[in-house]
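Values quoted throughout were computed directly from the atomic coordinates according to the rules given, and no laboratory measurement underlies them. Computed from a prediction, not measured in an experiment: that's the story for all the values here. With ideal geometry, Cβ positions are generated from the backbone for all residues, glycine too; neighbour counts draw on all protein chains shown.
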Ligand code: HEC
């Protein structure tokens, strides 16, 4: 094993060699941005996984216990709460959105991505594999934007399908007067997770 002293000398030599080749400031900056971008990618993916799993569990429990009428309030109150908790944990902003939203209408850039997702799905890509990310700069702040498509499964049709029970529909309409999120079929893209993470 090499002694720490030798490591130190090696890395010092490396730093000197690099700073001769590149201006050190630029290199350090881009290395830092890249590192945090990688971290942000990992955190975004972990956050989506955790949000999806937690919400699905809450939905399933409520559906089993009291059917859709009991599950609507769960979606209504817990979806935003879980999103906020997960966002805090991973130090980013996470929500769901859709081209036909119930709760959160897409921002223009999200709408563009969602439309691209439809094109990819129509071209035969499995919805579970449809993701997008981009690093952008907003008011001098670099941020990673990441979106992941959400497929429409069987259970989703109860509240998002073409044949939503009248009582369920009227409960939904009372909570979301501008609801557009019905009429979905199995295998449609229901929407997407959307993450924004500030970069160094
Ligand atoms: C019991 C009714 C119910 C079921 C079942 C249900 N949802 Fe929802 N869904 C809702 C409600 C209510 C909201 C609004 C949540 C909010 O206020 O944030 C919602 C919102 C959403 C959103 C956010 C985008 C938007 O339209 O505002 C997505 C995406 C979504 N649901 C996907 C699904 C998927 C996928 C399934 C199946 C795994 C599913 N839902 C099952 C009631 C339901």
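Restricting attention to the stretch 126-153, which residues are without any contact (Cβ under 8 Å) to a residue 40 or more places away in the chain, surrounded by fewer than 16 Cβ atoms within 10 Å (Cβ to Cβ) and farther than 18 Å from residue 185 by Cβ? Spell out how you get there, then give the answer.
Residues of the stretch 126-153 without any contact (Cβ under 8 Å) to a residue 40 or more places away in the chain: 126, 128-129, 131-132, 134, 136-140, 151-153.
Then keep just the ones that are surrounded by fewer than 16 Cβ atoms within 10 Å (Cβ to Cβ); that gives 126, 128-129, 134, 136-140, 153.
Of everything in the stretch 126-153, those that are without any contact (Cβ under 8 Å) to a residue 40 or more places away in the chain, surrounded by fewer than 16 Cβ atoms within 10 Å (Cβ to Cβ) and farther than 18 Å from residue 185 by Cβ turn out to be 129, 134, 136, 137, 138, 139, 140.
Of the residues making up the stretch 39-62, those that are within 11 Å of the ligand (Cβ to nearest atom) and surrounded by 17 or more Cβ atoms within 10 Å (Cβ to Cβ) number 5.
In the stretch 126-152, which residue that is more than 17 Å from residue 51 (Cα to Cα) and in a loop (DSSP other than H, G, I, E, B) is farthest from the ligand (Cβ to nearest atom)?
140
Report whether or not residue 65 is crowded, with 18+ Cβ neighbours inside 10 Å, in a helix (DSSP H, G or I) and either within 14 Å of the ligand (Cβ to nearest atom) or at positive phi (or both). Here the answer is no, as residue 65 does not meet what is asked.
Considering each residue of the stretch 110-125, count those that are more than 16 Å from the ligand (Cβ to nearest atom), surrounded by fewer than 17 Cβ atoms within 10 Å (Cβ to Cβ) and either at positive phi or in a helix (DSSP H, G or I) (or both), and give that number. Qualifying residue count for the region: 5.
Give 97, 196 a once-over and let me know the one that is closer than 22 Å to residue 51 by Cα and away from the ligand (no atom under 12 Å from the Cβ). On inspection, the qualifying residue turns out to be 196.
Please find, within the stretch 72-84, the residue that is farthest from the ligand (Cβ to nearest atom) out of those that are surrounded by 15 or more Cβ atoms within 10 Å (Cβ to Cβ) and under 14 Å from the mean Cα position of the chain (by Cα).
Step one: of the stretch 72-84, the residues surrounded by 15 or more Cβ atoms within 10 Å (Cβ to Cβ) are 72, 74-76, 78-79, 82-83.
Right, trim to under 14 Å from the mean Cα position of the chain (by Cα) and you get 79, 82-83.
Working: 79: 4, 82: 10, 83: 8 Å.
Top of the filtered list is 82.
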